[in-house]
1. Could you identify the single residue in Tyr112, Tyr133 that is of a type in the set (Phe, Trp, Tyr) and in contact with a Pro (Cβ under 7 Å, 6 or more places away or on another chain)?
2. Would you please list the contacts, defined by Cβ atoms under 7 Å and residues six or more apart or on different chains, that run from a residue in the range 38-58 that is surrounded by fewer than 14 Cβ atoms within 10 Å (Cβ to Cβ) to a residue that is modelled with pLDDT under 95?
3. Quick check on my filter: what residues within the range 88-116 are under 28 Å from Asp155 (Cβ atoms), of a type outside the set (Val, Ile, Thr), touching a helix residue (DSSP H, G or I) at 6+ places or on another chain (Cβ under 8 Å) and in contact (Cβ under 8 Å) with a residue 40 or more places away in the chain?
4. Please verify whether Leu67 is at pLDDT 95 or above, in contact with a Lys or Arg (Cβ under 7 Å, 6 or more places away or on another chain) and part of a loop (DSSP other than H, G, I, E, B), treating the condition exactly as stated.
5. For the range 147-184, enumerate the residues that are more than 17 Å from the chain's Cα centre (by Cα) and among the β-branched types (Val, Ile, Thr).
6. Check off (1) of a type outside the set (D, E, K, R); (2) surrounded by 22 or more Cβ atoms within 10 Å (Cβ to Cβ); (3) part of a helix (DSSP H, G or I) for Ala126 and give me the number that stays unchecked.
7. Does the range 78-85 include one or more residues that are without any contact (Cβ under 8 Å) to a residue 60 or more places away in the chain, over 22 Å from Glu220 (Cα atoms) and basic (Lys, Arg)?
8. Take the conditions within 29 Å of Phe232 (Cα to Cα) and touching a Cys at 6+ places or on another chain (Cβ under 9 Å) and apply them to Ala143. Does it pass?
Amino acid sequence: MRLTIAKFPEHNGISGENEKKIKFESGRKRRVPASRTEKNKLNEKMVQVFAICVMRHNGFEVVPIMLCSEYELSTFGFFKRGTVKELMTFFGREVVQRTRPGDKNVVDQGDYVCHSYVSGEHLGCAIVTDKDYPTRVGLSLAALVLQEFKAAHPDDWVSHRQDVQLATPNIQKLLEKYQKPEVADNISKIQKDLDEVKDILHQSMEDLLKRGERLETIIEKSDDLSASSKQFLWQAKKNNECCSYT
């Protein structure tokens with residue numbers, strides 16, 4: 001089976017030279033600029049980082065505890081944002097759960113990529129981006145997010161046993177700043193081992209699952225997905241209208 005997020009048109013794609021209106025197709029808003037100036041303004045606003053999630057990693061058998069999450073979903077249609085947020089949260093949590101402490105994972109699913117990093121203290125971060133986002137920058141951002149989170153919450157995160165939203169304003173600022181990955185070129189490296197991204201292989205959710213695990217079962221058990229989102233996944237698979245999470 002393929003786990004699917006809605007098949008939204010190419011992010012901020014252009015379908016005609018003379019159209020100025022915004023088209024709404026399958027949830028993602030598609031702007032069609034009529035001039036080079038409008039196109040340049042559009043590119044400046046292009047969203048490449050959709051979600052940042054910080055979690056307490058509890059091992060492979062236990063679902064991670066969400067500690068802080070921030071999203072940028074303005075390029076999705078208004079009525080699709082709730083479903084997209086649930087799918088992004090589900091994606092990030094499942095990847096973090098299957099990332100060993102001290103390790104990094106980069107998981108491709110259709111047009112989206114999850115950059116996951118779990119520290120030796122069992123504090124994990126998932127960065128969900130578009131497929132063109134640089135791997136090095138995504139993993140560096142994950143490490144930087146964990147630094148900012150720990151600076152704001154040195155010890156209190158350890159005691160939480162259920163999902164919470166621990167206010168960390170600097171994470172929202174990072175979400176805004178890293179929409180342009182080139183900003184990382186002016187920031188000192190967070191950890192030396194993060195430069196060795198050539199050793200990090202991109203994989204799919206199917207690759208990440210343990211032997212015997214079925215994606216259908218994980219979806220059904222997930223508390224991140226509402227009944228409507230689960231129904232949306234099954235219908236999307238049936239209609240073959242979605243970008244796939246393999």
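The values are calculated or read from the model by the stated rules, or taken from the named source; none is laboratory data. As the structure is a computational prediction, the values presented were derived from the model and not from experiment. Note that each Cβ is placed from the backbone with ideal geometry, even for glycine, and that neighbours are counted across all protein chains shown.
1. The conditions single out Tyr133.
2. Filtered contacts from the range 38-58: Met46/His11; Met46/Asn12.
3. Those that are under 28 Å from Asp155 (Cβ atoms), of a type outside the set (Val, Ile, Thr), touching a helix residue (DSSP H, G or I) at 6+ places or on another chain (Cβ under 8 Å) and in contact (Cβ under 8 Å) with a residue 40 or more places away in the chain: Glu94, Arg98, Lys104, Asn105.
4. Considered against the rule, which asks whether it is at pLDDT 95 or above, in contact with a Lys or Arg (Cβ under 7 Å, 6 or more places away or on another chain) and part of a loop (DSSP other than H, G, I, E, B), Leu67 comes out as no.
5. Result: Val158, Val164, Thr168, Val183.
6. Checking Ala126 against (1) of a type outside the set (D, E, K, R); (2) surrounded by 22 or more Cβ atoms within 10 Å (Cβ to Cβ); (3) part of a helix (DSSP H, G or I), the one that fails is (3).
7. No, the range 78-85 has no match at all.
8. no
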